[in-house]
Structure formats: C-alpha cells, structure tokens
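Only one structure is covered here, and it is reproduced in the block below.
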Amino acid sequence: MQNRKLEVLPDKVALVARARAFCVETIRSAIAERDRCTIALSGGSTPRPLYEQLAAESLPWDRLHVFWGDERYVSPDHPESNQRMAREAWLDKVPIPAENLHPMPTADGDAAVDAEHADGVIRSFFQLADGEFPEFDLILLGMGDDGHTASLFPHTNSLQVCDRSVTVGNKGDSLRLTFSVPVLNCARRVLFLISGANKRPALKQVLASEGDNAAYPSRLVQPAGELWWLLDADAGADLVA
Ligand SMILES: O=C(O)[C@H](O)[C@@H](O)[C@H](O)[C@H](O)COP(=O)(O)O
C-alpha cells in the first residue's frame, strides 16, 4: 500500500512528540483548507500523554470538532470512559466550544439505541445521504495486543457492519460503541499510535501482506486516504532492519 507510512520512534516520549506534531499539522491544514477540522479520538492508555500535550497547544479551537471512535458503554464520569479520559487530559483544559464535542451517548441503557443515536449525530453533522459515510480529517486509533482497534474485537459481529457508521461492539461481556470499518476507511488520515513490546506479535500479523482479518481486525483498516503507523521502538523492534 503506497499510502501506508510507518515510523518507529526511539521511545514513548519521542512517539508522543511526533504524534503531537502530526496532529497539530493535520488540524491546522484541515482548517486552512476547509475552515474546520473533524477528528475522532481513540481511548485506552497510549493516547493520554498525547492529549495532555495537545492541551498546551494554541489552536483555533472553535474550528475543531471532536468525536470519539469508540466508547465503553459506561457513564461519562466512569473511570473507564474514553470521553472522561480525553476531557481530563485535554478538552476541559482548552477553550473548545461545548457544542464542538460529540461524545458517543451511553445514557439510554440500551447500547443498540445509543449506537443509533450516535449514528444519527454523525449523519446530521456530516449531512450524509443513505449509504454514505463521514470523511474525518483524522481518526486516531490504538491497537490492542489481540489486534483489535477502536472497539472492533476479533471474531465479533461488529466487524461485518457496513450499513451504518456506529455499531455495538463487545469485549467479551462488556459492551462498547464503535465506529464501523467503513468509517475508518473513509478518513482522509488514519493514525495508529502504538507503544509497548506486548503489541509486537499482533503488529506482525496486522502488517503482514496476508493474514486473518477476523482474528486481527486492525488489518481491516485500509483507508483510501493516508494510513500512518507511529510506533515506539518497543512495539516496532521487529520491523526496523
Ligand atoms: O476504548 C479503547 O480501549 C480503545 O479505543 C482501544 O481500541 C485501544 O486503542 C486499544 O485497546 C489499545 O489500548 P492501549 O492504548 O491502552 O494499549
């Protein structure tokens, strides 16, 4: 894939600094070209220091719209909430208008209903016709050591969903809301941010030319736009010559 770019940084600090520069450049150029930038955040632990560093940036916050690529099916103040993590690390520290934050709703009590709500928010924000998917300027992704991304877990039904933007995912018994694969593949830019030696075995499977997409869902991320992999040396040790 000629649109796939991979960089291995010496350590987590360098990885986060590189990701910060990448995100700032993407945000600034999207706003310069289209007067707004739409990004979707990943959860988990890896992106937290990146979000903390983005809080120190001076950006045209009123032109930035922030979505989440997935969410644990918990309340927004739950310790596991991706929304809570991003707000605490970044979004509550900058003057971004409240209406520019588009978290996935988890209040209904029925994940399928909230997934439909989230899908409706995206359809109206991006003014999508039936069968269309949103074109985010940037989707940030992480990867689990099982090869999942967003909340698209191995051998789950969510991997097959291609008629809506948001669906219900599951990590074992715990419910999630997640972007569907077509949304990830419609983005102008997708950035995987990966740190840690524990990710190496899955990374090898995901980056191989042949493999099992259902077993390693990150393989399904094949955007028409740019696909970037930023790894620290612990994660990328097997990949550098
Ligand atoms: O909701 C989530 O947990 C994330 O969206 C998930 O896809 C995450 O990116 C990976 O599980 C990696 O998580 P770590 O960064 O904690 O390794």
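The values are calculated or read from the model by the stated rules, or taken from the named source; none is laboratory data. Note that the structure is a prediction, hence the values are computed from the model and not measured. Reconstructed Cβ throughout: ideal geometry from the backbone, glycine too, with neighbour counts over all protein chains shown. All accessible areas refer to the heavy atoms of the entire protein, side chains included, with ligands and DNA or RNA removed. Shrake-Rupley method; radii C 1.70, N 1.55, O 1.52, S 1.80 Å.
In the stretch 181-204, which residue that is within 11 Å of the chain's Cα centre (by Cα) and either among the small types (Gly, Ala, Ser) or open to solvent by 20 Å² or more (accessible area, probe 1.4 Å) (or both) is farthest from the ligand (Cβ to nearest atom)?
ARG189
Does LEU138 count as within 16 Å of the ligand (Cβ to nearest atom), closer than 17 Å to LEU184 by Cβ and not aromatic (Phe, Trp, Tyr)?
Spelling it out, LEU138 is indeed within 16 Å of the ligand (Cβ to nearest atom), closer than 17 Å to LEU184 by Cβ and not aromatic (Phe, Trp, Tyr).
With the condition kept exactly as written, say whether any residue in the stretch 55-74 is part of a helix (DSSP H, G or I), in contact with a Cys (Cβ under 9 Å, 6 or more places away or on another chain) and either within 14 Å of the ligand (Cβ to nearest atom) or of a type in the set (D, E, K, R) (or both).
Yes, the conditions are met somewhere in the stretch 55-74.
Within the stretch 81-95, identify whether any single residue is among the aromatic types (Phe, Trp, Tyr) and either open to solvent by less than 30 Å² (accessible area, probe 1.4 Å) or not in a helix (DSSP H, G or I) (or both), and answer yes or no.
Yes - at least one qualifying residue is present in the stretch 81-95.
Criterion first (closer than 19 Å to ASP62 by Cα and assigned to a loop (DSSP other than H, G, I, E, B)) does ILE122 satisfy it?
For ILE122, the condition - closer than 19 Å to ASP62 by Cα and assigned to a loop (DSSP other than H, G, I, E, B) - is not met.
Within the stretch 152-180, how many residues turn out to be within 26 Å of ARG36 (Cβ to Cβ), open to solvent by less than 10 Å² (accessible area, probe 1.4 Å) and outside any strand (DSSP E or B)?
2
State all residues of the stretch 192-221 that are under 11 Å from ALA235 (Cβ atoms) and of a type in the set (Gly, Ala, Ser); if no residue qualifies, say none.
Listed by number, the residues that qualify are SER195, GLY196, ALA197, ALA202.
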